[in-house]
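First the structure, in the form of structure tokens, and then the observations on it.
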Amino acid sequence: SAGSMLDGLKIKAQALSKALFALISNPYVLAILGIAGTVMAVKWWYDYNVGLMEATRLTKDFTGKTGDDLKNFRNEVQATADTFGKDFEEVLKSANNVAQQFGISVDEALNYIQDGFVAGADANGNYLESIEEFPAYFKEAGLSADQFIAVVAQSNKMGVVGNKALDSIKEANIRLREMTDSTAEALDGIGMSSDKVQKALTDGSKSTFDIMQEVSTKLSELPANSKEVGTAIADIFGGPGEDAGLQYLTTIKDI
């Protein structure tokens, strides 16, 4: 599992640091290594500790954690970064951003981010970039943190170019809230009453993402080449929806 993988990595890192310290403290080892080898080992140890101090400082600045809680969370972030080949600060910022936007703890946010990695959310290499950029829009659309990560994972695994899939949801959120005449006509055209949709959004009984999932269901039921489907994509999901494609938009209902 992801948890056991990360725990194993942390244990190995701790063992490595202890072993290295023992080696460079041993005069016989230093004699064998010679001056050049000794300098390299000391430099590595110095760089490691400087990096550790910086990671600790960043973690404290972003989270306000102290003591063992700070160290444990720092180690968890570092293990995540090392396991999935990412930068420590980038992982930390992503966890903090998700936590702040969705009103959850950074620990919970990091767990969701780890789940996304394991689920293949970094298939196109911009997973962390996506979860730094889009959480505010998805919170506004009515998604929870774990749903947001699920959408990002689904989008990236499908290989949609850039962030077009996420942009299409961002665009639909804006258009459904504004409910322009073209968006209302597009909803009516696929058999959804725009008046009922607007009422549900106004009284809070449905979120914009709930409506997107209903639209997604309609799109999967209608002929792909029909005028109604084309109009719905253009006037509800906008240009990003057209770029993301019908195949992606019909998967929104299943997230």
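The values are calculated or read from the model by the stated rules, or taken from the named source; none is laboratory data. As the structure is a prediction and not an experimental result, all values here were calculated from the model. Neighbour counts are summed over all protein chains in view; Cβ atoms, including those assigned to glycine, are modelled from backbone coordinates with ideal geometry. The protein model used for the area step is the full one, side chains on, heavy atoms only, and it has no ligands, DNA or RNA in it. Shrake-Rupley method; radii C 1.70, N 1.55, O 1.52, S 1.80 Å.
Quick notes on this one:
- Subset of region 116-126 [surrounded by fewer than 18 Cβ atoms within 10 Å (Cβ to Cβ) and at pLDDT 90 or above]: Val118
- Region 104-126 - residue that is of a type in the set (Gly, Ala, Ser) and outside any helix (DSSP H, G or I) and, of those, farthest from the chain's Cα centre (by Cα): Ser105
- Scanning region 179-205 for residues that are touching a helix residue (DSSP H, G or I) at 6+ places or on another chain (Cβ under 6 Å), touching a residue at least 24 places away in the same chain (Cβ under 8 Å) and closer than 22 Å to Asp167 by Cβ yields a count of 5.
- Test: residue in region 127-144 that is more than 14 Å from the chain's Cα centre (by Cα), under 30 Å from Ile174 (Cβ atoms) and buried (at least 17 other Cβ atoms within 10 Å of the Cβ): yes
- Residue satisfying all of: in region 182-212; closer than 17 Å to Phe237 by Cβ and of a type in the set (D, E, K, R); least open to solvent (accessible area, probe 1.4 Å) among these: Asp210
- Scope region 152-181; condition of a type in the set (Gly, Ala, Ser) and open to solvent by 20 Å² or more (accessible area, probe 1.4 Å); matching residues: Gly159, Gly162
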